[in-house]
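**Q** Here it is, the structure in full.
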Amino acid sequence: MQTEAVAGSGPAPSGGRRPGTEAFWNRDLVGRAFKEAVRKLHPRWMAHNPVMFVVEVGSVFTTADAIRYLASGNMVQFGFIAQISVWLWLTVLFSNFAEAMAEGRGQAQAAALRRTRTGVMAKKETPSGLQEVPGTDLVKGDVVVIVAGEVVPGDGEVIEGVAAIDESAITGESAPVVREAGGDRSAVTGGTLVISDRIRVRITAGRGETFLDRMIGLIEQASRQKTPNEIALAILLAGLTLIFIVVVVTLAPFSAYSHATVSVSVLIALLVCLAPTTIGGLLSAIGISGMNRLLQHNVIALSGRAIEAAGDVSAILLDKTGTLTMGNRQAVEFRPVAGVSEKELAEFALLSSLSDDTPEGRSIVKLAREKYGVNAQAEGGTFVPFTAQTRMSGLDFDGRVIRKGAGDSVAKHVQSLGGTVPDVLASVTQEVSKLGGTPLVVAVDNRCLGVIYLKDVVKVGIGERLGALRRAGIKTVMITGDNPLTAATIAKEVGVDEFLAEATPERKMEYIIDQKNQGYLVAMVGDGTNDAPALAHADVAVAMNTGTMAAREAGNMIDLDSNPQKLLDIVETGKQILITRGALTTFSVANDVAKYFAILPAMFVVAFPGLQALNIMHLTSPQTAILSAVIFNALIIPALIPLALRGVTYRPVDAATLLRNNVLVYGLGGLALPFVGIKLIDLLVTALHLVQTTVR
Amino acid sequence: MTVQGILQLVVLLAVLALLAKPIGTYMYRVYHGERTFLDAVLRPVERGVYRFMGIDPAQEMRWTTYALALLAINAVGFIILFLLIVLQPYLPLNPQHFKHVPLWVAWNTAISFATNTNWQAYGGESTLSYLTQMWLVVQQFLSPITGVCFLLAMVRGFVRHNAETLGNFWQDFVRTLLWISIPLAIVATLVMVGLGTPQNFHAYTQVTTLQGGKQTIAQGPIASMNSIMQIGDNGGGYMNMNAGTPFESPNAASLTLQLLMGFLVPIGCIYLFGLMVKDVRQGWAIFVAMALMFAVGALVVYHSEAAGNPLLAHLHLAGHANMEGKETRFGPALSSLFENSTTAVSWGSTAAANDSLTPMGGLVMLFNMMTGEVIFGSWGVGMVGMLAFAVMAVFLAGLMVGRTPEYLGKKIQAYEVKMAVLAMIVPSFVILVFAALSVVLKAGRSGIFNHGPHGLSEVLYAFSSGVGNNGSAFGGLNAASPWYAATVGFAMLFGRFPMYLPALAMAGSLVKKQRVPASAGTFPTHGWLWILLLVGTVFIVGALTFFPALALGPIAEQFAMQAGKVF
């Protein structure tokens, strides 16, 4: 697990870094969105959205109808029908505007990204030596040399050298990260800046397929595919619209039979009001802005499907180290063997760690000083660093050999000096293991003094986040290389539902396959090449941007900040998109009740005066009633644009509570609000004498 | 309204709640090969049938094969019946020497009895021979059974996972026939004969009445026909007036029995569903949703009928209830309950003249049928319709819990939505388009007996009854005219099979899916919130479609009546 870029990994840094996260109604953005909204009136574009297409066709009809009245000099009817057609056109424009706003916000983000890569030159290795070529001309397999101060010309893999790289252009994280040949930290991304040393990089993606290209492409609407759920919803909305078309078309013969004359324009007004225009108009904006919101979390979803799957996730695999616990362990206790005092053990533990600059070493010194008041100094001692061979570190001081390290290596060391290992040591180390800790044995010369209890430190606030996931019905699984005993203890302390101990890449993958067979949708984070098989099987696979190319290829989302906790934000964003869609759909459908009560009595009250009883809003006249309903239907779209773009607030509670709250707000609200809204608009329309009101 | 009248409704619902479990459990045991008390007799018969027909009951079917088998048995029934009606003058068992039946009436009747609609464009006792009437009985056995098979396949789509098949149609069919239809019909026939319903092959009796007039008393194998008519929610009564005549319904006890019989299998289906999905709460939620809509409908009808027609107030009749077209023996309360049931449970036989109901009463009848006969509904089909609404409700509101909507552990995705929309759109289209054509075309207009909004109600009712496979008639319409006989025939056809096929296709898609384990994040499909959502969906998606048409029909008529206007 690489943790360079996640130092102090808290919640995602957010806001203010990118255009698009700026003021919501950015004037520039709004201006461009307006122009775009008009441009999108082209029928070929409108055909993508059947609901709004119907509205547009209706607008054309009513406009023609208005012109007909104008030509025949019937100014009263003209005034009425013309206003209806203006509002119908506005309904279409508002919907286009919502989409354009969402796209504009995404494009602003994309444009900022694109700026980072224009005009980058690359030093390509050719048989005749290095050659300067434009970065965009590189193809897969080219090898380039990059030195400090240059921009990486394309995605690639370091094949020689080590360099510090500033990736802030992509991640927004200013701390430089280290990239080196071989291992899990070899991937570099185009557009980032090398700030030290010299590296040779093999380009892994040609023009148009680099990471940045894909990112830009995804953000721009061109390559935005509808997500599966969006498609299903679009079918439903088209179906409802179709039903209402038949309802309105057959209403003409019914009213003719009933000797009630109804103009075509009024029928069209009824159709537009009944059709689910609110959700139909905002549907694509919701999808686009969902992707943008993920991007604000610095996560790129490589497919829309992945975003939606994130909302559906029912099991989350989290690595213990770095995600649930701090990357390093802390000393919490000294456990001496028989015949040794705690203080003596503390003193030698301190001495062994004085020059040990690892976080573990520092925590031992701190514990010895603060809890046991030991204050030994080691002037003139020789520090013996940790090596993979000895698996020990320590100090040669004052003629004494002080060592600390893993149990078996220290035991071997003691025996080699002619000492014996006390029997009790094994039970002490095991106890520490059982408590979920790591035992470090301390020895002086050929004597084993006891054990330092190093404990995993659970990250602050992780318990609450896991609790939130559990309330939302998501199972959390801890993945660790620890033995089952240790893992069980930590799992309990952290508060995960399950754990996978002694995890190897194969076991991880098998576990994921098993969970999927049980019907779980699995999300995981991975960075190393050995994570790639598991990532490929997970439904939501978040690859760290610091990870290897293999991991990034296997994932369906990339976390630019390389913060494994981000998985939780991703899940919440996924849910938020679905909730927003559902809430606006419910709202839109529930709106129909009030619109019926506004328009139907208005249409037929002349033929059947008794139907005035259905005019429960007491709207002034048939004309004001119909106009008010149409105006409400149009205005509700821009009114809901902020909600569509920002998303409905998601709180991690169980589904029953969430459903109850949302049904209350968007279901009952959707029933009640139009009654109030239409009534108010009617009062205004009457007060302004917008239409001639025939008093009945 | 009287306390006694309301009590009838309460008692009925209470009895239904009590009966649902034993009937559903029995059905579950039948379909899952568990022991029942009839096994000793019926197991050998079942095996015999399979051997004789060359059926391998272990052969599992995909949705396409299942649908094909289901359509085939309906098609065969249709053809036989059509031929019997057309060839009636040349066939035996025709002591009244009934003549040729017009071709369009034959078409209408054959479709009607193949689709479990049992819309009768003819007067049974004055048109059809005993042989034809008896084959109608056979059809009244067959068509409801296909409804239950339909439900079984649909529910298996939810229950099974990572599978391909939905069961064996022939096994489902034979078991329903042997363990459910025949035993119930036998018991019911005996009880009805005991209560005084005729069962004979005599020619009609000519009698001289006390006033000295001549009267022909029609009779025949009435009890056997009416028992399966009610049990099977068919509604193809022997007599034109159905339960309103003394021979179909000799007394209040026999009418109440008929009322209850219609509910038996539909409520059993609800509980069977709960058992099959291994969560009876799911079944009860649907039961409560249906009961709620039923109770509100029944109360509205009863209230409206008891209040009567203000236009008649000056006549100082005994009582102000609307008694036109009602049996005096039954009165407004029982008549209202029976009529609400006949449209809700889709049996379609009537005990009163629906044409004479108050407009509000007629509105409720229309609502019950236009929402797709999902308020209990007939055998299996009502439950399937409700499941389609449930899928719709889950999809509309389910997104609000932040997951891809799922029902009974199965994800509802584009394909399911497409099929649910299709199952819902076609019936609405057929009702509205045929009704619209009828009120503009001369052929249609000439068949409407009443002017004004009531005429529109009559037309809407005919097509709603046809599409809903209900079969009850409002009256006031020349149902035997070529236009209505033919179009209502098509309505019945379109109302049943375009709903069958998408629903089975949906089951075929669901059965392949992985099951999502339930957790705190699962959309709860039991409990009050769900029940209200479901009712809301039936109301908004199912009924609001018809609001404009209804506004011009019964709603306009009701307000006009209150204002003292006639047409």
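The values are calculated or read from the model by the stated rules, or taken from the named source; none is laboratory data. Model, not experiment: these values are computed from the prediction. FYI the Cβ positions are ideal-geometry reconstructions off the backbone, even for glycines, and counts take in every protein chain you see. Accessible surface areas use protein heavy atoms only, side chains included; no ligands, DNA or RNA. Shrake-Rupley method; radii C 1.70, N 1.55, O 1.52, S 1.80 Å.
**Q** Just report the Cα centroid separation between the stretch A:239-274 and the stretch A:336-357, whole Å.
**A** One Cα centre to the other: 89 Å.
**Q** What net charge do the residues around B:LEU510 carry, taking every other residue with its C-beta under 12 Å from that of B:LEU510, with Lys and Arg at +1 and Asp and Glu at -1?
**A** +4
**Q** Highest mean first, how do B:201-214, A:237-250 rank when packing is the count of other Cβ atoms within 10 Å averaged over residues?
**A** A:237-250, B:201-214
**Q** OK, next. Grab the beta carbon distance between B:LEU91 and B:LYS565, set R0 = 35 Å, and tell me the FRET efficiency rounded to 0.05.
**A** Between B:LEU91 and B:LYS565 the formula returns 0.10.
**Q** Can I ask one more? Could you tell me how many degrees, from 0 to 90 and to the nearest 10, lie between the Cα long axis of helix A:359-372 and the main elongation axis, the longest principal axis, of the Cα atoms of chain A?
**A** Relative to chain A, helix A:359-372 is tipped by roughly 70 degrees.
**Q** Sticking with this one: I'd like the Karplus ³J(HN,Hα) series for the stretch A:430-435: coefficients 6.51, -1.76, 1.60, θ = phi - 60°, whole numbers in Hz, and an x wherever there's a Gly or Pro.
**A** The phi angles translate into 5, 4, 5, 4, 4, 7 Hz.
**Q** Let me ask something additional. How much accessible area does A:SER433 have with a 1.4 Å probe, in Å² rounded to the nearest 10?
**A** 20 Å²
**Q** While we're here: Partner chain Cβ atoms within 10 Å, averaged over the residues of A:641-654 - can you pull that number for me?
**A** 1
**Q** What number, rounded to the nearest 500 deg cm²/dmol, is the helix-based mean residue ellipticity at 222 nm of chain B, given -39500 (n - 2.57) per DSSP H run of at least four residues and division by all its residues?
**A** -20000 deg cm²/dmol
**Q** Evaluate the distance, in nm, between pseudo-label points positioned 7 Å from the Cα of B:ALA443 and of A:VAL249 along their respective Cα→Cβ axes.
**A** Computed distance between label sites B:ALA443 and A:VAL249 equals 2.0 nm.
**Q** What residues qualify as long-range amide H neighbours of A:VAL162, i.e. H under 5 Å apart, gap of 5 or more or another chain, H built at 1.01 Å from N?
**A** A:ARG198
**Q** Set Lys and Arg Cβ to +1 and Asp and Glu Cβ to -1, take the dipole of the stretch B:353-562 about its Cα centre, and tell me which of B:PHE559, B:SER457, B:VAL511 lies farthest positive.
**A** Projecting each Cα onto the dipole axis, the largest value belongs to B:VAL511.
**Q** Something else now. Evaluate E = 1/(1 + (r/R0)^6) for A:VAL76 and A:LEU683, where r is the Cβ-Cβ distance and R0 equals 22 Å; express this FRET efficiency to the nearest 0.05.
**A** Computed FRET efficiency for A:VAL76 and A:LEU683 comes out at 0.55.
**Q** Something else: Where a ≥ b ≥ c are the square roots of the eigenvalues of the C-alpha gyration tensor, would you call chain A rounded, which needs a/c under 1.5, or, failing that, prolate if a/b is larger than b/c, or oblate?
**A** It comes out prolate by the Cα gyration axes.
**Q** Determine, from the Cβ-Cβ distance of B:THR65 and B:VAL187 and an R0 of 45 Å, the FRET efficiency 1/(1 + (r/R0)^6), rounded to the nearest 0.05.
**A** Numbers: r = 34 Å, r/R0 = 0.76.
Step by step, r from the Cβ atoms, then E = 0.85.
**Q** Between B:ILE79 and A:THR649, what is the spin-label point distance in nm, taking each point 7 Å from the Cα along the Cα→C-beta axis?
**A** 6.7 nm
**Q** I've got another one for you. Please name which of A:THR277, A:THR624, A:ALA47 has its Cα lying farthest along the dipole of chain A towards the positive end, using unit charges on Cβ (Lys, Arg +1; Asp, Glu -1) and the Cα centre as origin.
**A** Working it through, the farthest residue towards the positive pole turns out to be A:THR624.
**Q** Sorted by packing (mean other beta-carbon atoms within 10 Å per residue), highest first, where do A:562-574, B:7-19, B:263-275 land? Mind showing how you got there, number by number?
**A** Details: A:562-574: 24.8, B:7-19: 14.8, B:263-275: 26.5.
The packing order, highest mean first, is B:263-275, A:562-574, B:7-19.
**Q** Further, regarding this structure: Quote the accessible area belonging to B:TRP104 in square angstrom, nearest 10, computed with a 1.4 Å probe and with ligands, DNA and RNA left uncounted.
**A** 100 Å²
**Q** Ignoring everything but the protein chains, give the 1.4 Å probe accessible area of A:LYS140 in square angstrom, nearest 10.
**A** Rounded to the nearest 10, that gives 140 Å².
**Q** If you don't mind, there's one more thing I want to ask. Which residues in the stretch B:464-479 place their backbone N less than 15 Å from a point set 7 Å from the Cα of B:PHE98 along the Cα-to-Cβ direction?
**A** What the label zone holds, given the 15 Å backbone N cut-off, is no residue at all.
**Q** Would you calculate, for chain A, the mean residue ellipticity at 222 nm contributed by helices, counting each DSSP H stretch of 4 or more residues as -39,500 (n - 2.57) and dividing by all residues, to the nearest 500?
**A** Computed ellipticity for chain A at 222 nm equals -16500 deg cm²/dmol.
**Q** More than 26 angstrom separation, counting every C-alpha pair in the stretch B:353-562; what % is that?
**A** The proportion of pairs with Cα distances above 26 Å equals 38 percent.
**Q** Decide, for chain B, between rounded, prolate and oblate: order the square roots of the alpha carbon gyration tensor eigenvalues as a ≥ b ≥ c, take rounded if a/c falls under 1.5, and otherwise choose prolate if a/b is larger than b/c, else oblate.
**A** oblate
**Q** Average partner chain C-beta neighbours within 10 Å, per residue of B:551-563?
**A** Whole-number average of other-chain Cβ neighbours for B:551-563 is 5.
**Q** Follow-up. By how many nm would the segment from A:GLU510 to A:ALA613 grow when fully extended, if each residue of separation counts as 0.36 nm and the alpha-carbon distance is taken off?
**A** Values: separation 103, 0.36 × 103 = 37.08 nm, distance 6.68 nm.
In short, 30.4 nm is gained.
**Q** Still on this structure, please answer the following. Would you be so kind as to identify which of B:GLY268, B:VAL207, B:LEU131 lies farthest towards the positive end of the dipole of the stretch B:26-278, taking Lys and Arg as +1 and Asp and Glu as -1 on Cβ and the Cα centre as origin?
**A** Projecting each Cα onto the dipole axis, the largest value belongs to B:GLY268.
**Q** Taking both sides together, what accessible area is buried at the A/B interface, probe 1.4 Å, expressed in Å² and rounded to the nearest 100?
**A** The buried area between A and B, both sides summed, comes to about 5000 Å².
**Q** Rounded to the nearest 20 debye, what is the charge dipole size of chain B about its Cα centre when +1 sits on each Lys and Arg Cβ and -1 on each Asp and Glu Cβ?
**A** Magnitude of the dipole: close to 1040 debye.
**Q** Which three extents, in whole angstrom, do the alpha-carbon atoms of the protein assembly as shown cover along their principal axes, largest first?
**A** 140, 86, 62
**Q** Okay, moving on. Explain nothing, just the number: dipole magnitude of the protein assembly as shown about its Cα centre with +1 on each Lys and Arg Cβ and -1 on each Asp and Glu Cβ, in debye rounded to the nearest 20.
**A** 1840 debye
**Q** What order, most packed first, do the peptides A:484-490, A:230-236, A:362-368 have when packing is the mean number of other Cβ atoms within 10 Å of each residue?
**A** Per-residue Cβ counts within 10 Å, averaged per peptide and sorted highest first, yield A:230-236, A:362-368, A:484-490.
**Q** Checking the cross-link filter: which lysines have an alpha carbon closer than 27 Å to that of A:LYS343, excluding same-chain neighbours under 8 positions apart?
**A** A:LYS366, A:LYS371, A:LYS404, A:LYS412, A:LYS434, A:LYS455
**Q** Mind putting together the pair-distance distribution for the stretch B:115-199? All Cα pairs, 10 Å bins, whole percent per bin, short to long.
**A** 15, 33, 31, 14, 6, 1
**Q** A further question on this structure: Given Cβ point charges of +1 (Lys, Arg) and -1 (Asp, Glu) and nothing else, what value in debye, to the nearest 20, does the dipole of the stretch B:353-562 about its Cα centre take?
**A** Values: 10 positive and 6 negative charges, 155 e Å.
With Lys and Arg at +1 and Asp and Glu at -1, about 740 debye.
**Q** How shielded is A:609-616 by partner chains, expressed as the average number of their Cβ atoms within 10 Å of its Cβ atoms?
**A** Counting other chains' Cβ atoms within 10 Å and averaging over A:609-616 gives 4.
**Q** Does the stretch A:330-455 come out rounded, prolate or oblate, given a ≥ b ≥ c as the square roots of the eigenvalues of its C-alpha gyration tensor, rounded meaning a/c under 1.5 and, failing that, prolate meaning a/b above b/c? Present the calculation step by step, with values, prior to reporting the outcome.
**A** Working: a/c = 1.34, a/b = 1.07, b/c = 1.25.
Rounded, since a/c falls under 1.5.
**Q** May I ask for the distance between the Cα centers of the stretch B:372-413 and the stretch A:485-514, given as a whole number of Å?
**A** Between the Cα centres of the stretch B:372-413 and the stretch A:485-514 lies a distance of 37 Å.
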